[in-house]
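Have a look at the structure below, then the notes.
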Amino acid sequence: MHLPLSAELINPRVRRGPFRVAVFDFDGTLSLIREGWPQVMVSLMLDRLREQRLIAEPEAECAAHVEAFVMALNGHPTMRQMERFAQEVTARGGTSAEPVVYLQQYLDALMSVVRGRWEALESKRAQPSDWVVPNAHGILRNLQERGVPLFVASGTDLAHVSREVELLELTPYVGGRVYAPKDNDASFRKRDVIERAIRELAVRGEELIGFGDGVVETQEVKRAGGVAVGVASSTAGVRGVNASKRETLIAAGADLIIPDYEHAPELLAWLYGE
């Protein structure tokens, strides 16, 4: 079996299966419900900086700087990004609010969009396939049929992730193995989820395969000795590799890059050396 043309092999020495456990990030890796969150977060932060007249450089340069640290912390609990922004305000000579205040402002802005998507799914005006990375159900089903336990590790609040797993009809695949910060607990770590999965299943790190669109999960899968598949997903209705994500994922150590799961059967057959 050849690697699908849509997949890019970054590490030619990548281990080929079998795999005994799989860990998936959620937002951008399985779900697209929160697509657009970076723009919401960066826009909020720029507004707060403008209010105190803390933007001394050209605004485009400031926006790029803010986006860089926001995306570098993608995959951590959202509180981490707010803590980093509070430091930014102080470093620029401003008066920072508590990070939890910035967090609530961000969630209020984001959830005004997300709730509309929830309602569309609940009313059946939208289908789960409309708001997942293409063929996400297919790759989960394929791995499940191979007997691979599936874990979800997300930096989004647990209550929201759990609800969205249900709305997207992913529960039959991941069951109760959904891990995320409860009440935006900043101490949550994807590393702990990965270590727990390896320990509970009594598998070796090299028998782990991970899928994610961010730095944290990619680095943690590699740290554990597993294979990291970088999911450089685009927005709903748009196909192809997201160039910015691709660069970030390669820098984080991804073994392969894929745009989505359209060719999941071929991808997994290749990864398993079939």
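Just so it is clear, none of the values below were taken in a lab; they were calculated from the coordinates. What you see is a predicted model; the values in this text were computed from it and never measured. Note: ideal-geometry Cβ built from the backbone for every residue, glycine included; neighbour counts use all protein chains shown.
Worth a mention:
- Low-density loop positions, trypsin sites (Lys or Arg not before Pro), region 115-162 - DSSP coil, at most 10 other Cβ in 10 Å: LYS124, ARG125
- Eligible lysines near LYS222 by straight Cα distance, threshold 17 Å, same-chain separation 8 or greater: LYS190
- In loop segments of region 201-272 as defined by DSSP, there are no GluC sites (Glu not before Pro) with at most 15 further C-beta atoms inside 10 Å of their C-beta.
- Phi angles of region 148-157 translate, via the Karplus equation with coefficients 6.51, -1.76, 1.60 and θ = phi - 60°, into HN-Hα couplings of 8, x, 10, 10, 10, 10, 10, x, 7, 4 Hz per residue; Gly and Pro are given as x.
- The chain, relative contact order [Cα under 8 Å, separation at least 6], %: 31 percent
- For TYR179, residues with placed amide H under 5 Å, excluding near neighbours: VAL152, ALA153, SER154
- Phi angles of region 197-210 translate, via the Karplus equation with coefficients 6.51, -1.76, 1.60 and θ = phi - 60°, into HN-Hα couplings of 4, 5, 5, 5, 8, 6, 10, 8, x, 5, 8, 9, 10, x Hz per residue; Gly and Pro are given as x.
- Annotation note: trypsin sites (Lys or Arg not before Pro) in region 8-71 located in DSSP loop regions with a Cβ neighbour count of at most 10 within 10 Å are ARG13, ARG53.
- Straight-line cross-link reach from LYS245 at under 16 Å between alpha-carbon atoms covers these aspartates and glutamates, not counting any fewer than eight positions away in the same chain: GLU8, ASP25, ASP27, GLU35, GLU67, ASP213, GLU217, ASP255, ASP260.
- Working note: 222 nm ellipticity from helices only, DSSP H runs with n ≥ 4, each -39,500 (n - 2.57), summed and divided by the residues of the chain, gives -14500 deg cm²/dmol to the nearest 500.
- Crossing angle, helix 37-51 versus the chain [Cα axis fit, 0-90 degrees, rounded to tens]: 10 degrees
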